[in-house]
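Trainee: Below: one structure in structure tokens.
The values are calculated or read from the model by the stated rules, or taken from the named source; none is laboratory data. Note that the structure is predicted; figures quoted are calculated from it, not measured. With ideal geometry, Cβ positions are generated from the backbone for all residues, glycine too; neighbour counts draw on all protein chains shown. Accessible surface is based on the protein model in full, side chains and every heavy atom, while ligands, DNA and RNA are left aside. Shrake-Rupley method; radii C 1.70, N 1.55, O 1.52, S 1.80 Å.
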Amino acid sequence: MTRRRRRVGGLDVLVDPDRAEASLWRRFTGARDGALREKLFNHYRRFALALARRSARRSDVAENVLRDLEQSAFRGLLEAIDRFDPLRGPPFPAFAAPRINGRIADGLAEVDEARARLRFHRRVERERWASLAETERAGRSATDVLGDLVTELALGLMLDAEEKEAGSALAGRSDCGFDTLAWRETRALLLERVEQLPDMERIVVRQHYQHDLLFSQIATLLGLSKGRVSQIHKAALMKLRKSMRMWR
């Protein structure tokens, strides 16, 4: 006798202990906590990325546009997480897909293929500079301010290399064994220092550098203001810079 597969609906997400996200949805529905929202975002992040990449393939857009579509997908995912009611309706992926695809469609309509990547980088750079600008106003030396910037650039490069190590030109350099060893040791130490940051600082660093979320999106994710996220980002870089200076 063939066993029929039971359809999993919204209510099952709360009561079925076998589903990995059941506990997250149960707690988030009751508390609407920023840390739980971040866990749900991480859980469904690949789903949103897959929708963005499928749309990019269908639309035959330039490679530099894909990152903008991924940002649109993340925006739709965050909105879907906040609007989803697990007590009614379909499972979350079925609920979220139309909203994510809608945001992606909006992004396709607005994107300028020749300037999309440049606009994104400039926006990220402006946020990072603004985050560090208060350091200069606080009366610290230009050398210390530059040290923050160098740490920030190294952090972004090293965390990006962790995500794309197989294709990273720096991570895979073979022309100088010392350079390769020094790069890997420094990157490993920096990643270790990131893991030792307080929870909120670690989340901001990882979401901003590894997942390319803007400060405004991290603010939505954690239920904070954009200014507060900027402050957390700056505090994290200060700690990383000091810890790396002690290591040297």
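Trainee: Go through the range 64-105 and count every residue that is outside any helix (DSSP H, G or I) and aromatic (Phe, Trp, Tyr).
Mentor: Total meeting the criteria: 1.
Trainee: Quick one: would you say Asp106 is at pLDDT 90 or above and surrounded by fewer than 16 Cβ atoms within 10 Å (Cβ to Cβ)? Spell out how you get there, then give the answer.
Mentor: Numbers: at pLDDT 90 or above: no; surrounded by fewer than 16 Cβ atoms within 10 Å (Cβ to Cβ): yes.
Here the answer is no, as Asp106 does not meet what is asked.
Trainee: Same structure, new question: How many residues are at pLDDT below 55, outside any helix (DSSP H, G or I) and not small (Gly, Ala, Ser) if we restrict to the range 1-44?
Mentor: 11
Trainee: What tally of residues in the range 215-228 results from selecting those that are open to solvent by less than 10 Å² (accessible area, probe 1.4 Å) and touching a residue at least 60 places away in the same chain (Cβ under 8 Å)?
Mentor: Adding up the residues that qualify gives 2.
Trainee: A further question on this structure: Which one of the conditions (1) open to solvent by 30 Å² or more (accessible area, probe 1.4 Å); (2) over 22 Å from Leu36 (Cβ atoms); (3) modelled with pLDDT under 85 does Lys239 fail to meet, given that it meets all the rest?
Mentor: Checking Lys239 against (1) open to solvent by 30 Å² or more (accessible area, probe 1.4 Å); (2) over 22 Å from Leu36 (Cβ atoms); (3) modelled with pLDDT under 85, the one that fails is (3).
Trainee: With modelled with pLDDT under 85 and closer than 24 Å to Arg26 by Cβ as the only criterion, which of Gly139, Gly89, Gly76 stands out?
Mentor: Only one candidate qualifies: Gly89.
This table checks each residue for (1) buried (at least 20 other Cβ atoms within 10 Å of the Cβ); (2) within 27 Å of Ala22 (Cβ to Cβ); (3) in contact with an Asp or Glu (Cβ under 8 Å, 6 or more places away or on another chain).
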residue: Ala52; (1), (2), (3): yes, yes, yes
residue: Ser55; (1), (2), (3): yes, no, no
residue: Glu63; (1), (2), (3): no, no, no
residue: Ala73; (1), (2), (3): yes, yes, no
residue: Glu79; (1), (2), (3): no, yes, no
residue: Asp82; (1), (2), (3): no, yes, no
residue: Pro86; (1), (2), (3): yes, yes, no
residue: Pro90; (1), (2), (3): no, yes, no
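Trainee: Right, Glu113: over 28 Å from Val229 (Cα atoms), more than 22 Å from the chain's Cα centre (by Cα) and either of a type outside the set (Lys, Arg) or modelled with pLDDT of 90 or more (or both) or not?
Mentor: Answer is yes for this residue.
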